[in-house]
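Below is one structure, written out as structure tokens, with a few remarks after it.
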Amino acid sequence: MATEGKGPARTFLIVLLVASLVLLVLIVQPFASALFLAAVLAVTFHPWHSWLVKKLRGRRTTAATIITLGLVLALVLPIGSLVYVAAREAADTFDYIHQTLAEEGVEGLIRQIPAPFQGWVETIWQQSPGHERDAGFIYDLERRAAVSIPRIVSNVGQVVGQTALMVVALFFFLMDGRRLIEWLDMISPLQRRQMRELFLEFRRVSATVLLGSVVTAAAQAATAYVGYLIARAPNAVFLSLVTFFLGLVPIIGAGGFCFLVSVFLYLTGAHVPAIFLAAWSGLAVGMVDNVLKPMVIKGGMEMHGAVVFFALIGGFMAFGLTGLVLGPLSVSLLLAVLRIYKRDFVEPEAPEPILAE
């Protein structure tokens, strides 16, 4: 009788397992990116944390606090400062456009455009069917701006919230990461050796991708800084700092931002420096990203450089900034799983018998 009841019990248990996994996914989904980035940073800085624990005589909490605060000061505060400056400049620009439209109309705003583009914009405006209705145009423009502002504030709030969750999760991962790994090893159906191999692959790929991204962005920022100095761009140090952080994003990239600076110089009348900086952004700054990043990442991963490149781009397009690590990590973990399966579960072929002569 006990044996007959095992079938329905097993089925009900599987249903409960699936339901709990679905609920867990729904619970974790809102902050999955924050947890993933925290885990990546935790495994990357795990050697530093272990070294600090030894120096501090076993004070894991203090070591985790020092590393977390160090990362906040090194990454979060500079990025937050850039976002604040960008938001303030955007607000000032919007106020200036609003005042100009209210006092001088669209024609007055066109007169503020740099001279090389005034005639082109004026022609487009004159050919517009409703160009004579400045009041309606201004009202529509302000209405769209008013609608977009709450959306922008909401997006900024989400970024701040995700960053705060990432910092908190990083602290706990550093402090109790070893217990978490032991718990995963205990509940996992895989052998201890297999779990350790997958964890080491995760740590190696995460550290390699982060190191490659930071080193490449720093090299691009330094190269762009030289170009800014030669072209006499205003506030070259600030522009280099922005170039560094945008260098972590492959779609915009350091080369793209450097090119935008050259466009700004051209609009302000510095034509020769602008042409030089545009060429510098493509030939020097862009070349650093195309050559250095695949070289650094490939050095720590058993993958072809082209696979690394497309994994970075595809991961970013699918998951945003998180995909910069998740893309190469997915490919690397797939190769690791196939390697483990082939080694531990596929029976080796029996050797062919040696025929006696």
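The values are calculated or read from the model by the stated rules, or taken from the named source; none is laboratory data. Quantities reported herein were computed from a predicted structural model and do not represent experimental measurements. Glycine gets a Cβ as well: all are built from the backbone with ideal geometry, and neighbour counts include every protein chain shown. We work out accessible area using only protein heavy atoms, side chains counted, and drop any ligands, DNA or RNA first. Shrake-Rupley method; radii C 1.70, N 1.55, O 1.52, S 1.80 Å.
Values as computed for the structure displayed
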| quantity | calculated |
| --- | --- |
| Karplus-derived 3J(HN,Hα), 6.51/-1.76/1.60, for each residue of segment 196-211, Hz, glycine and proline x | 5, 5, 5, 5, 5, 5, 4, 5, 5, 5, 4, 5, 5, 5, 4, 4 |
| Pairwise label distance in nanometres, Tyr341 with Ala74, each label 7 Å out on the Cα-Cβ vector | 3.7 |
| Mean accessible surface per residue for segment 24-76, computed with a 1.4 Å probe while every protein chain stays in place, in Å² | 61 |
| Loop-located trypsin sites (Lys or Arg not before Pro) in segment 1-83, at most 15 other Cβ atoms within 10 Å (DSSP) | Arg57, Arg59 |
| Apportionment of accessible area to carbon and sulfur, segment 252-292, percent (1.4 Å) | 82 |
| Cα-projected label distance for Tyr96 with Met295, points at 7 Å along beta-carbon direction, nm | 4.1 |
| Contour minus Cα-Cα distance for Val215 and Ala164 (0.36 nm per residue) | 15.9 nm |
| Gain upon complete extension [Ala87, Ile313; 0.36 nm per residue less C-alpha separation] | 78.6 nm |
